[in-house]
1. For the stretch 10-21, check the following and say yes or no: at least one residue is touching a helix residue (DSSP H, G or I) at 6+ places or on another chain (Cβ under 8 Å), surrounded by 13 or more Cβ atoms within 10 Å (Cβ to Cβ), at pLDDT 95 or above and over 30 Å from residue 111 (Cβ atoms).
2. So residue 66 passes all but one of these: (1) more than 30 Å from residue 316 (Cβ to Cβ); (2) more than 30 Å from the chain's Cα centre (by Cα); (3) assigned to a loop (DSSP other than H, G, I, E, B). Which condition number does it fail?
3. Working only within the stretch 304-315, note down all residues that are in contact with a helix residue (DSSP H, G or I) (Cβ under 9 Å, 6 or more places away or on another chain) and surrounded by 13 or more Cβ atoms within 10 Å (Cβ to Cβ).
4. Filter the stretch 70-90 down to residues that are in contact (Cβ under 8 Å) with a residue 12 or more places away in the chain, in a loop (DSSP other than H, G, I, E, B) and surrounded by fewer than 18 Cβ atoms within 10 Å (Cβ to Cβ), then give me how many there are.
5. Pick out the one residue from 228, 211 that is more than 20 Å from residue 102 (Cα to Cα), part of a loop (DSSP other than H, G, I, E, B), touching a strand residue (DSSP E or B) at 6+ places or on another chain (Cβ under 8 Å) and at pLDDT below 90.
6. How many residues, within the stretch 125-163, are in a loop (DSSP other than H, G, I, E, B) and out of contact with any strand residue (DSSP E or B) (no Cβ under 7 Å at 6 or more places or on another chain)?
7. Give 184, 261 a once-over and let me know the one that is at pLDDT 50 or above and within 30 Å of residue 284 (Cα to Cα).
8. Tell me, please, whether a residue that is surrounded by 20 or more Cβ atoms within 10 Å (Cβ to Cβ), part of a loop (DSSP other than H, G, I, E, B) and either modelled with pLDDT of 95 or more or touching a strand residue (DSSP E or B) at 6+ places or on another chain (Cβ under 9 Å) (or both) can be found in the stretch 40-59.
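The values are calculated or read from the model by the stated rules, or taken from the named source; none is laboratory data. Here the structure is a predicted model, which means the values were calculated and not measured. Here the Cβ positions follow ideal geometry from the backbone for every residue, glycine too, while neighbour counts run over all protein chains shown.
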């Protein structure tokens, strides 16, 4: 059942909040402007670092041994990222010989959702109706239900235990005769499920870490339950199975790469936990990096920016550089869009008091709101383009001059055409 909350806001309070919000709007415009300007410099300098690395990179066919002649050089090579290190999860015991192993923890919790409807009132006030609904979902962390709006759902959440997501990396990952540094190890992909095998001691240790309320027979006298057959839990509770086993068989269930902590894997209860394990096995990779002894480091260009790259499988050197350029261009456009949106949002916040003032007559306030929104959009877009243009003059002077020259030529042609039209 939904829970609703209605709040009334006077015209004076709204107007005061709108004027206070202008400060936030100014901050947003400044932040967006800085982001746009910085992004153009970042894009150019990153592209410069990529091109500089391309100009000095050498292809190395044999990486089976460390070659002193390659010290300090940027190399491109393909080979196998391999390791003999056995990684073991310190809590659950999941183990594998891998580049890395990781665990992802989920909790079955009540989650609060809200939806707002705002109605303007004559005189400039507002009435806001907030509707809260609640669902049980798998989430990435425990949720404090004490802050829920509906008293009926407050305090409903609990957890059997609390664990963190974690990734363990192999200390020694080889690449032929070389050793891969952390920044390259973290770029290796291709994660696959890591099956979990639990002995009785590990299951008991995991169970002892759970917050389980004792049943009517106590935690040492629980019905027989098969961890691989959730249906047997129901049968046991109904008295269909006789005998007793340690309680970990009731609460700790491992199947494949998933560990389920709770009584009924097929019917989750609030507080249950699901842990998923993955591993990244040894794999063939291609790298571009600077040789530093028997390992690698990022190449530092003359402009201070760094460059390195790792691709899965055998990928050609030019294709890797092209991929880096493509990623740089995509990031440039993402940040341009983000910066422009921030500027527009800031200007909209600055102009918001105008629509609040006009809200004394609701229909008039709505019209003014549409107008100020359009003005904020156009001004924000124009300001963003101006900032980008100024940045181009600073970071891309030749291209900027060419564009300005083209504009001058077009304006000149239009002027000449206009003069001829008048003469005719």
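1. no
2. All conditions pass for residue 66, except number (1).
3. Correct list: 305, 306, 307, 308, 309, 310, 311, 315.
4. So the answer is 5.
5. Details: 211 fails: touching a strand residue (DSSP E or B) at 6+ places or on another chain (Cβ under 8 Å).
Answer to the check: 228.
6. Keep residues of the stretch 125-163 that are in a loop (DSSP other than H, G, I, E, B), which gives 125, 140-144, 148-150, 154-163.
Remaining after also requiring out of contact with any strand residue (DSSP E or B) (no Cβ under 7 Å at 6 or more places or on another chain): 144, 154-155, 158, 162.
Residues that pass the stated criteria total 5.
7. Details: 261 fails: within 30 Å of residue 284 (Cα to Cα).
Only one candidate passes the filter, namely 184.
8. Yes, that holds for at least one residue.
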